Amino acid sequence: MFKDDIKKNLAVEISSNQLKQFDIYYNFLIEYNEITNLTRITDEEEVYYKHFYDSLTIVKSLDITKITTLCDMGAGAGFPSIPLKIMFPHLHITIIDSLGKRITFLKQLIEKLDLKNVTLIYDRIENYAKNHHNSFDLVTARALGKLNLILELGLPMNKVNSYFLAYKSKSYDEELTEASNALNLLGGKVIKVIPFEIPNAYGDRVHILILKHKKSPLIYPRSFSAIKKKSL
């Protein structure tokens, strides 16, 4: 059961009101998914574990209670930021997505869940990031792209001595090797790679936790065409 697994595996207590919020989230996601493709996962248990639980696993990698500002790049239907906001209401969330239909969904979802301090940015990540260096305590990316690409987009937005966290599958080794130059250029270093399992045999995952130890050069991120043409 979702509530029990959250408590047992993640050491997080979930209230009846928070459970109600997740129920509202699930039902609205499925309703909206009929008109706009937000997720291919629609079974209730799968959504709860592959999306909600997976989003919350961040507590295994860092102390979320010490985070205030979180930027979620390309959140899609709100993962991981909205489940984190439900469980940790103190967070000030910024979500960037370049698809208007997703932003419309998230705007309505935030209203339904009565969430405060959530800012939605309808823009390309590189455009927003270029003007928001050194802004966030934590930047997250889940199912967004290769590590060297998402580092260029996200790490400039991190404050010095803050964290970037990438949600990845267990086949991450090659990506990590390819990202060594990006880490060096952008002022990041890998602190740890944390493996974990989603309950009910829903898969193995890892978090790649990166510390921003110095400012990123102001030339980053480059335009997306430049990034695609030659990655760092």
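Nothing in this text is a laboratory measurement; each read-out follows from the coordinates by a stated rule. All figures in this text were calculated on a predicted structure; none of them were measured in a lab. Here the Cβ positions follow ideal geometry from the backbone for every residue, glycine too, while neighbour counts run over all protein chains shown.
For every helix of n ≥ 4 consecutive DSSP H residues, a contribution of -39,500 (n - 2.57) applies; sum these over the chain, divide by its total residues, and give [θ] at 222 nm rounded to the nearest 500 deg cm²/dmol.
After summing the helix terms and dividing by residue count, I get -10000 deg cm²/dmol.
So what does the Cα-only Debye profile of the chain read at q = 0.11, 0.16 Å⁻¹, as log10 I(q)/I(0), no solvent term?
-0.52, -1.15
List the lysines whose Cα sits under 19 Å from the Cα of K230, skipping any in the same chain fewer than 8 residues away.
Within the straight-line cut-off, K230 pairs with K130, K146.
Please list the three semi-axes, largest first and in whole Å, of the ellipsoid equivalent to the range 69-207, using sqrt of 5 times the eigenvalues of its alpha carbon gyration tensor.
The three semi-axes for the range 69-207 are 24, 19, 14 Å.
If we restrict to alpha carbons, what Rg and Dmax does the range 1-131 come to, in Å?
Every Cα atom of the range 1-131 included, Rg and Dmax give 14.3, 43 Å.
Could you tell me which chymotrypsin sites (Phe, Trp or Tyr not before Pro) in the range 91-154 are loop residues by DSSP with no more than 14 other beta carbons within 10 angstrom of their beta carbon?
none
Skipping prolines and chain starts, which residues have an amide H placed within reach, meaning under 5 Å, of the one on G203, given they are 5 or more residues away or on another chain?
I198
May I ask which of K20/K192; K20/K50; K66/K101 have a Cα-Cα span longer than 23 Å here?
K20/K192; K66/K101, as the Cα separations exceed 23 Å there.
Tilt of helix 100-113 relative to the longest C-alpha principal axis of the chain, in degrees (0 to 90, nearest 10)?
50 degrees
Run through all the Cα pairs of the range 1-63 and give the fraction in each 10 Å bin from 0, expressed as whole percent.
The percentages, shortest bin first, are 20, 51, 25, 4.
What net charge is computed for the residues neighbouring R40, neighbours being all others with C-beta under 12 Å from the C-beta of R40, Lys and Arg scored +1, Asp and Glu -1?
-1
Which of the pairs K7/K107; K8/K212; K3/K85; K7/K170 have their Cα atoms more than 20 Å apart in this structure?
Among K7/K107; K8/K212; K3/K85; K7/K170, the Cα-Cα distance tops 20 Å for K7/K107; K8/K212; K7/K170.
Angle check, please: helix 16-33 long axis (alpha carbons) against the longest principal axis of the chain (alpha carbons), in degrees 0 to 90, nearest 10.
Taking Cα atoms only, the helix is inclined about 70 degrees.
Quick check: net charge around N158, other residues with Cβ under 11 Å of its Cβ, Lys/Arg +1 and Asp/Glu -1?
+3
Counting only residues 5 or more places away or on other chains, whose amide H sits under 5 Å from the amide H of S135 once H atoms are built in the peptide plane?
Amide H neighbours of S135, under 5 Å, 5+ apart: N158, K159.
Excluding I96 itself, what net charge comes from residues whose Cβ is under 11 Å from its Cβ, given Lys and Arg +1 and Asp and Glu -1?
Net of charged neighbours comes to -2.
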